[in-house]
1. Which ones in the range 155-193 are more than 16 Å from the chain's Cα centre (by Cα) and among the β-branched types (Val, Ile, Thr)?
2. Looking at the range 59-71, can you tell me whether even one residue there is of a type in the set (Lys, Arg) and touching a residue at least 12 places away in the same chain (Cβ under 8 Å)?
3. Just to be sure I understand the filter: pairs with C-beta atoms under 6 Å, separated by 6 or more residues or on different chains, first member in the range 172-185 and outside any helix (DSSP H, G or I), second member exposed (fewer than 14 other Cβ atoms within 10 Å of the Cβ) and not hydrophobic (A, V, I, L, M, F, W, C). Which pairs pass?
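Read-outs: derived from the displayed coordinates by stated rules, not from any lab. Given the structure is predicted, the values throughout are model-derived calculations rather than measurements. Note that each Cβ is placed from the backbone with ideal geometry, even for glycine, and that neighbours are counted across all protein chains shown.
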Amino acid sequence: MLGLQLPTDPRWVNLAAISLEEILTDHAYCEQKAATQCISLIQRYPHYPELVDALSPVVTEEWGHFRMVLAEMRKRQIPLGRQRPDAYVNALMPLQQKGGDEKGRLLDQLLICALIEARSCERFRLLSEGLEDAYWRNFYQRFMESEAGHYRLFIRLAETYLPAARVKARWQQWLQWEAAIIARLPVRGDRMH
C-alpha cells in the first residue's frame, strides 16, 4: 500500500522495544514537527484553499498526537528531553526542488511529507505487531492508522494542484531516493526514522 521500496530492517522493532523510552521521546518530537510542517505549508501557500482546508485539521491531530505521547511519558516519569537531529529527514530535505516553478516546489514538499508519513506508518505497524505488551501494540496501532491517512492526503493534495502523471513520476523518484537513504542509515532503535 505505501509503495516504500525498501522495508525497515526487521531488527529495528527489537531495538526499539529495548529503547522504548527513547522512541517515545523521538516520537513526540516527530509529531510536533509534523504539526509545524503543516503550519508552514499553510503559511507558504495560503492561496491554495484546498491545502489550507485539508491541513488545518491535520495540525490539530498531529498536536493531539504529541500530547498523547507526552501523556504516556508523564505517566512513566520519562522526561521529554531535547530534540535530536533526524538523519532521515535531514537526508531527504536537500533533494527537494529549490528554485523553479512554485508548483514544483509544492510538489516536492508534499511528497516529502507523504514519505515521512509512509515510513512512520510502516514503523508504527512494526511496533503494533512486534511489541510484546498489548497496551503498546494498541497504542501504536492507532498511530499507524492515522499516518496512513496522512500519507494518502499529501498525495491527494499533490494531485489537486499538479497532473497525476507528474505526481506519479516524481513520487517514483522520491521512493528511489528514500530507499537509498534507508539503505545507508544505521539501524537505530532510539529513533522513529
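1. Passing the criteria: THR160, VAL167, VAL187.
2. Kept after step one, since they are of a type in the set (Lys, Arg), are these residues of the range 59-71: 67.
When the remaining residues are screened for being touching a residue at least 12 places away in the same chain (Cβ under 8 Å), the result is none.
No, the range 59-71 contains no residue that is of a type in the set (Lys, Arg) and touching a residue at least 12 places away in the same chain (Cβ under 8 Å).
3. From residues that are outside any helix (DSSP H, G or I), there are no pairs.
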